[in-house]
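Okay, here's the structure, questions in a sec.
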Amino acid sequence: MKKQAIEKKDIKNYWENKSPQTWYSDKDQEKNSTSWFNELAYKRYNVYYEYLKEIAEFNYHKDEKVLEIGTGVGTDIVSYAKNGSIVSGIDLTENAIDITKKHLETFKLSYDKLLVADAENLPFEDNYFDLVYSFGVLHHTPNTEKGVQEVLRVLKPGGKFIIMLYSKGWKHYIKRLLIFGLLKGYLFKYGYEKTVNKTTEVQGNSPLTYVLKKKEIKKIFRDGEEVSIKKYRLGEFFDYAPYNTKKLPGFISKFFYFFGLERLIGENYIIKGFKRNPNKEKSKVKTSVWQVIWDEYKNYK
Ligand SMILES: C[S@@+](CC[C@H](N)C(=O)[O-])C[C@H]1O[C@@H](n2cnc3c(N)ncnc32)[C@H](O)[C@@H]1O
C-alpha cells in the first residue's frame with residue numbers, strides 16, 4: 001500500500017462539512033431529532049449495511065469497555081450503549097463528536113469519554129478497552145498501519161477488534177475505474193490515487209481513501225491474533241439518495257448472494273481478531289483432526 005501524503009487538516013476539513021450517514025435521510029425532518037436518529041438507524045441496519053447487525057456484535061459486549069474510532073453521527077456507538085456497553089468514542093471532527101453526544105443524550109444513554117482526537121494518536125492508556133470497533137475510518141487516515149497499532153495498544157490483552165476497511169469489490173472496477181476512470185477520463189486527468197479518492201464516498205471528492213488488498217490487510221494486522229478477514233456487502237446501490245434509488249435489479253443481487261459471491265466481490269473487508277495475550281495458557285494438547293476422529297471412533301459405543 002503506497003502511503004499518500006495528505007495533511008490531517010485537509011481530511012478534517014472534508015469530514016467536518018460532510019456528516020456521514022446523513023444522506024440516509026430522505027424525509028424533511030429536524031436534524032438531531034429522535035425521529036431523524038431513528039430513521040438513520042433503520043436505514044443503516046435494514047437497507048444499506050444490513051450485515052452490521054450481526055458482525056458488529058452489538059449485543060455481545062454488555063458491561064465491557066468499548067471504543068469506537070470515527071463515530072460519525074454515532075449510530076453504532078448508540079447501538080453498543082443501548083446494549084449495555086460502557087462506550088467511548090473519538091472522531092477527528094468537532095461536528096461528529098457533537099452529533100454523537102446529542103445522539104447518546106437523546107436516548108438517555110451514558111458514555112465514558114467522547115473526544116475529538118486522531119486515530120493515529122489515541123488519547124487513551126495502554127490495555128484499557130475490551131473491544132475496539134471502527135467502521136470505514138482507518139482507510140481515510142494517511143497512516144492506516146499506525147491506526148491499527150493504536151487499536152492494539154489500547155486493547156487489553158485478549159481484547160477484540162472489529163474493523164471495516166474498503167476492499168476492491170466489483171464497483172471498484174466498474175464504477176471507479178471503468179465509468180469514472182476511463183469513460184469520464186478521471187484516470188487521465190488525475191491518475192489512479194486521486195480517481196479512487198474522488199469516487200469512493202457518496203459525497204465525492206474524499207481527500208484520501210485507501211482501497212485495500214487482502215495481502216496488505218494481513219500485513220497491517222500481523223501483530224493481532226486469530227485475525228479473520230472477510231468480504232461483505234455487494235453494494236447494490238449506485239446512487240443512495242433519495243432513498244433506495246438506482247439499485248441493482250433484485251434478481252441479480254439474489255443470484256450473487258445465492259452463489260456466495262459477496263465473499264468474492266463484496267466491497268467491505270471486515271477484519272476481526274484479538275490482541276495477543278502473553279498470559280494466556282497455551283494449550284498443551286497437541287493433536288490432529290485425524291487423532292480426534294480416531295479417538296472418537298475408538299470410544300464410540
Ligand atoms: C466514512 S465516515 C464513517 C463514520 C462512521 N463510522 C460511519 O460508519 O458512519 C469517516 C469518519 O472518520 C473520521 N476520521 C477520518 N480520519 C480520522 C482520523 N485520523 N482520526 C479519527 N477520525 C477520523 C471522519 O471524521 C468521519 O467521521
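The values are calculated or read from the model by the stated rules, or taken from the named source; none is laboratory data. Predicted model, so just to flag it, every value in this text is computed and none were measured. Heads up, the Cβs are rebuilt from the backbone with ideal geometry, glycines too, and the neighbour counts pull from every protein chain shown.
What about Lys194, is it assigned to a helix (DSSP H, G or I), under 30 Å from Asn279 (Cα atoms) and without any contact (Cβ under 8 Å) to a residue 40 or more places away in the chain? Before the answer, list the steps.
Values: assigned to a helix (DSSP H, G or I): yes; under 30 Å from Asn279 (Cα atoms): no; without any contact (Cβ under 8 Å) to a residue 40 or more places away in the chain: yes.
Here the answer is no, as Lys194 does not meet what is asked.
Every residue, every condition in (1) crowded, with 22+ Cβ neighbours inside 10 Å; (2) over 17 Å from the mean Cα position of the chain (by Cα); (3) free of Cβ contacts under 8 Å to residues at least 40 places away in the same chain, yes or no:
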| residue | (1), (2), (3) |
| --- | --- |
| Met1 | no, yes, no |
| Gln21 | no, no, no |
| Asp28 | no, yes, yes |
| Asn32 | no, yes, no |
| Trp36 | no, yes, yes |
| Tyr42 | no, yes, yes |
| Tyr48 | no, no, no |
| Glu54 | no, no, yes |
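Follow-up. Scan the range 92-128 for residues that are outside any loop (DSSP other than H, G, I, E, B), touching a residue at least 12 places away in the same chain (Cβ under 8 Å) and closer than 20 Å to Tyr24 by Cα and jot them down. Lay out the reasoning, then the answer.
First, the residues of the range 92-128 that are outside any loop (DSSP other than H, G, I, E, B): 94-106, 114-116, 118, 121.
Filter once more, keeping what is touching a residue at least 12 places away in the same chain (Cβ under 8 Å): 94-97, 99-104, 106, 114-116, 118, 121.
Scanning the range 92-128 gives Asn95, Ala96, Ile97, Ile99, Thr100, Lys101, Lys102, His103, Leu104, Thr106.
Residue check: is Val78 modelled with pLDDT of 95 or more, in a strand (DSSP E or B) and either within 12 Å of the ligand (Cβ to nearest atom) or at negative phi (or both)?
Numbers: modelled with pLDDT of 95 or more: yes; in a strand (DSSP E or B): no; either within 12 Å of the ligand (Cβ to nearest atom) or at negative phi (or both): yes.
No, not satisfied.
Test each condition in (1) surrounded by fewer than 22 Cβ atoms within 10 Å (Cβ to Cβ); (2) within 27 Å of Lys218 (Cβ to Cβ) for Gly84 and report the one that comes out false.
Among (1) surrounded by fewer than 22 Cβ atoms within 10 Å (Cβ to Cβ); (2) within 27 Å of Lys218 (Cβ to Cβ), Gly84 violates only (2).
Further question on the same structure: For the range 239-275, name all the residues that are more than 17 Å from Tyr173 (Cβ to Cβ) and in a loop (DSSP other than H, G, I, E, B).
Asp239, Tyr240, Ala241, Pro242, Tyr243, Asn244, Thr245, Lys246, Pro249, Phe259, Gly260
Would you be able to say whether some residue in the range 5-28 is within 12 Å of the ligand (Cβ to nearest atom), among the hydroxyl-bearing types (Ser, Thr, Tyr) and in contact with a Lys or Arg (Cβ under 6 Å, 6 or more places away or on another chain)?
Going residue by residue through the range 5-28, those that are within 12 Å of the ligand (Cβ to nearest atom) are 6-24.
Adding the requirement that they be among the hydroxyl-bearing types (Ser, Thr, Tyr) leaves 14, 19, 22, 24.
Narrowing further to those that are in contact with a Lys or Arg (Cβ under 6 Å, 6 or more places away or on another chain): 24.
Yes; the residues of the range 5-28 include at least one that is within 12 Å of the ligand (Cβ to nearest atom), among the hydroxyl-bearing types (Ser, Thr, Tyr) and in contact with a Lys or Arg (Cβ under 6 Å, 6 or more places away or on another chain).
Consider Gly224 carefully, then state whether it is free of Cβ contacts under 8 Å to residues at least 60 places away in the same chain, farther than 12 Å from Leu165 by Cβ and either of a type outside the set (Val, Ile, Thr) or crowded, with 20+ Cβ neighbours inside 10 Å (or both). Walk me through it before giving the result.
On the way: free of Cβ contacts under 8 Å to residues at least 60 places away in the same chain: no; farther than 12 Å from Leu165 by Cβ: yes; either of a type outside the set (Val, Ile, Thr) or crowded, with 20+ Cβ neighbours inside 10 Å (or both): yes.
No, not satisfied.
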